[in-house]
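Colleague: Encoded as structure tokens, here's the structure I'll be asking about.
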Amino acid sequence: MTARIPALLCSAVCFAASLTVPCAGMAEPASLAELEGLEWRFVGPYRGGRVTAVTGVAGQPNLYYMGATGGGVWKTENAGRTWENLSDGFFEVGTIGAVAVAESDPNVIYVGTGEAPIRGVTTSHGDGVWKSTDAGKTWTHLGLKESGQISKIRIHPGDPDTAYVGVQGQIWGPNEERGVFRTTDGGETWEHVLKVGAKTGATDLRMVPSNPRVLYAAMWNHGRNPWFILSGGTDGGIFKTIDGGDNWTKLTGSLPVMVGKFAIDIPESI
């Protein structure tokens, strides 16, 4: 049984955690009956804290990255048996909101700092975006230092220098650096391509797999005082671009006018 643990763990993570990266070697999706024998088990790391950012790497079923809300960025190459911290000595903050690996070059990793969920016991704000081009050995700070909390990062599947960052914003007050930012030069410069207002930030960001020029952003009007959490407003909602972020349209139709925090997902078949 020992030799089979990594494969079983990979199947459990792919199925139960709904990761978008399929496990290598699975010729076809497993049935529910085949997965009945799997059980949840803790795979660490033991000093990471709660986690809201996890990603796998296509073609490498035992390789995963995770960002903890107070413990930095971690990496496992053996499906969770052991973990290595990658951010210590580089990052100036420990709270992580998003981790993304470039599909066209798995050595390229973008990390957005700042835990996105606003809760009663929250961690410190982030300090922007970090990037590695050597699979996490070294890191470079890319800016967006005043963004506060970053919820999602999406990378163009064919171009690791083109990426989109969903910025949720500062916790304790309005700030202009909210919405969606785009880079086409690997993070040397950023464009603020979607800006709704100083109180409305991106809580989710999705890219259509078959057409990376089409993206959807979930925008959330929010803020927090020590005694109150603001969640929801009429300027939030789903925004869509079909030209890679140059122009955005707010989707209406039968959607509610007043929306709170929400998430978006896109079928792989689109």
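The values are calculated or read from the model by the stated rules, or taken from the named source; none is laboratory data. These numbers come from a predicted model, not from an experiment. Glycine also receives a Cβ, built like all others from the backbone with ideal geometry; neighbour counts cover every protein chain displayed. Heavy atoms of the whole protein, side chains included, go into the accessibility calculation; ligands, DNA and RNA do not. Shrake-Rupley method; radii C 1.70, N 1.55, O 1.52, S 1.80 Å.
Colleague: Could you tell me whether any residue of the range 246-254 is modelled with pLDDT of 95 or more, among the charged types (D, E, K, R), open to solvent by 20 Å² or more (accessible area, probe 1.4 Å) and touching a Lys or Arg at 6+ places or on another chain (Cβ under 6 Å)?
Modeller: No; the residues of the range 246-254 include none that is modelled with pLDDT of 95 or more, among the charged types (D, E, K, R), open to solvent by 20 Å² or more (accessible area, probe 1.4 Å) and touching a Lys or Arg at 6+ places or on another chain (Cβ under 6 Å).
Colleague: Just give me the residues in the range 79-91 being polar (S, T, N, Q) and open to solvent by 50 Å² or more (accessible area, probe 1.4 Å), in sequence order.
Modeller: Answer for the range 79-91, where residues must be polar (S, T, N, Q) and open to solvent by 50 Å² or more (accessible area, probe 1.4 Å): just T82.
Colleague: Let me ask you something else. Which condition does S210 not pass, out of (1) at pLDDT 90 or above; (2) under 22 Å from T252 (Cα atoms), if it passes all the others?
Modeller: (2)
Colleague: Still on this structure, I have one more. For S124, are the conditions met, namely being more than 30 Å from W227 (Cβ to Cβ), part of a loop (DSSP other than H, G, I, E, B) and not hydrophobic (A, V, I, L, M, F, W, C)?
Modeller: No: the conditions fail for S124.
Colleague: Right, another one. Filtering the range 174-212 down to residues that are of a type in the set (S, T, N, Q) and over 20 Å from A263 (Cβ atoms), which residue is least open to solvent (accessible area, probe 1.4 Å)?
Modeller: Going through the qualifying residues, I end up with T183.
Colleague: Separate question: Mind counting the residues in the range 146-159 that are under 17 Å from the mean Cα position of the chain (by Cα) and closer than 20 Å to E176 by Cα?
Modeller: 7
Colleague: Please work out if G97 is out of contact with any Pro (no Cβ under 6 Å at 6 or more places or on another chain) and more than 17 Å from I153 (Cβ to Cβ).
Modeller: No, not satisfied.
Colleague: Which residues, counting only those in the range 58-74, are assigned to a strand (DSSP E or B) and either charged (D, E, K, R) or surrounded by fewer than 19 Cβ atoms within 10 Å (Cβ to Cβ) (or both)?
Modeller: If the condition is that a residue be assigned to a strand (DSSP E or B) and either charged (D, E, K, R) or surrounded by fewer than 19 Cβ atoms within 10 Å (Cβ to Cβ) (or both), then Q60, N62 are the ones that fit.
Colleague: So if I check each of T140, T162, which one is buried (at least 17 other Cβ atoms within 10 Å of the Cβ) and either in contact with a helix residue (DSSP H, G or I) (Cβ under 8 Å, 6 or more places away or on another chain) or under 15 Å from Y110 (Cα atoms) (or both)?
Modeller: Among T140, T162, only T162 is buried (at least 17 other Cβ atoms within 10 Å of the Cβ) and either in contact with a helix residue (DSSP H, G or I) (Cβ under 8 Å, 6 or more places away or on another chain) or under 15 Å from Y110 (Cα atoms) (or both).
Colleague: Test A116 against the criterion of being under 15 Å from the mean Cα position of the chain (by Cα), modelled with pLDDT under 95, among the small types (G, A, S) and not in a strand (DSSP E or B), and give yes or no.
Modeller: Considered against the rule, which asks whether it is under 15 Å from the mean Cα position of the chain (by Cα), modelled with pLDDT under 95, among the small types (G, A, S) and not in a strand (DSSP E or B), A116 comes out as yes.
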